[in-house]
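These notes concern the structure reproduced below.
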Amino acid sequence: MAATIIYFTIYTFCTLIFVLIGVASYHSVDPVAINSNEIPPKKDELLDVSKWNHAHGWLWISFSIMFFLTGIIFKFTITHYSNEAIQVCIYMLLVGLEIAWIEIRHKMLKRKLIIKNTLSTSEKNLSATNITNNYNDSNNKSDN
């Protein structure tokens, strides 16, 4: 019984972290990113910042609900069925599918809400570097 209480306590705290991320994303004024290494789009690159943030906030909140329900199902099945290795594999598969669902929805939102003619930050930096290099080359030729 103590193991079950500890399991649900830890699992609930993990789920609440995802809920808090979702609420913070939902109420954010600036555009948010869903991936940790992703640079969020600028405000002028989005059609509607509030739709972008609300959609990403709901993604996190719905993920936390699915994550919590998966944990409840896992705890029930692990105690009632004998093959624990298969149960763990199924659990990992379900969580992986939930994460894949988030990525698919994020890409759909990018296609729907990002303005098509804007350059990404890396493309802007690259074009700015090319302009600077071309300017420096033309100045060097005129000096000779």
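Just so you know, all these numbers are worked out from the coordinates, no wet-lab data involved. Since the structure is predicted, the reported quantities are computational estimates derived from the model, not experimental observations. Using ideal geometry, Cβ is built from the backbone for each residue, glycine included, and neighbour counts are taken over all protein chains shown.
Can you list the equivalent-ellipsoid semi-axes of segment 40-91, largest first and in whole Å, using the square root of 5 times each Cα gyration tensor eigenvalue?
They are 39, 10, 5 Å, listed largest first.
Give the peptides 66-76, 36-46 in descending order of average Cβ contacts within 10 Å, highest first.
Top to bottom by mean Cβ count within 10 Å: 66-76, 36-46.
What is the set of long-range amide H partners of Leu46 at a cut-off below 5 Å, with H atoms built 1.01 Å from backbone N?
When sequence neighbours closer than 5 places are left aside, the close amide H contacts are Ile115.
Could you tell me whether segment 2-113 comes out rounded, prolate or oblate from its Cα gyration tensor? Rule is a ≥ b ≥ c as square roots of the eigenvalues, rounded for a/c under 1.5, then prolate if a/b exceeds b/c, otherwise oblate.
Prolate is the answer for segment 2-113, as a/c is 1.5 or above and a/b outweighs b/c.
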